[in-house]
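Novice: Below are the structure tokens for one structure; questions will follow.
Throughout, read-outs are computed from the coordinates displayed, never taken from laboratory work. Every value quoted in this text rests on a predicted model; they were computed, and no experiment measured them. Here the Cβ positions follow ideal geometry from the backbone for every residue, glycine too, while neighbour counts run over all protein chains shown.
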Amino acid sequence: MQNRILQKVDVSRVKMLRELSIETFVHTYAQFNTEEDMQHYIATEFSEEKLLQSITSASSAFYFAMEENEAIGYIKVNYAPSQTDINDPQSLELERIYVSAQHQGKRAGQFLLDAARDIALKNSFEYLWLGVWDKNTNAQKFYAKNGFVAFGTHGFMLGNDVQRDILLKLKL
């Protein structure tokens, strides 16, 4: 592992964020979903306009994991009222955590999860929560190893496909 740093994403990095978002999302989910559903999701969720809205929102933030001036992964965190589901002001939602394919298995995901936990602790939140696709068993094992426990489910739209996320919580 090289020296990694966490860097908050600002508007000057929206193109880099968009490219990394698309690359990591396609790598993670393309094999499980139709091309049409993937393209619809990418067009709506990873457009520059949508990403800029989140970057400039006071209740959302993106952070890159940087290694040798390269973004190797990122997280998106949401404060209430921008959370996707429960909107609890005592919590921080980890909406996205993605690592580039060439950096998977090198503890970059752990670095990003630890960063999200640190952000939650610095803001004195009671817990950190997230949704993980019910078919993503590797991610579920990773979160369980880090102390997350299930507390519910919610629907997630990928194009025209309604998928199910397991909601996980980590008490701080």
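Novice: State the answer as a single residue: which of Thr28, Leu128, Val9 lies farthest towards the positive end of the charge dipole of the range 4-171, with beta carbon charges of +1 for Lys and Arg and -1 for Asp and Glu, about the Cα centre.
Specialist: Going by the charge dipole, the pick is Leu128.
Novice: What is the count of Lys pairs in the chain whose alpha carbons sit under 23 Å apart, if the two are 8 or more places apart or on different chains?
Specialist: 26
Novice: As a check on your grasp of the helix formula, calculate [θ] at 222 nm for the chain: sum -39500 (n - 2.57) over DSSP H runs of n ≥ 4, divide by the residue count, round to the nearest 500. Mind showing how you got there, number by number?
Specialist: Working: 5 runs with 60 residues, N = 172.
That comes out to -11000 deg cm²/dmol.
Novice: If you don't mind, another one. What distance in nm lies between label points placed 7 Å from Cα along the C-beta direction at Ala80 and Ala144?
Specialist: For the pair Ala80/Ala144, the computed spacing is 3.0 nm.
Novice: Here is a follow-up. Could you give the size of the charge dipole of the chain about its Cα centre, using +1 on the Cβ of each K and R and -1 on the Cβ of each D and E, expressed in debye and rounded to the nearest 20? Provide the component values of the computation, followed by the final result.
Specialist: On the way: 18 positive and 22 negative charges, 135 e Å.
Around 640 debye, computed over the chain.
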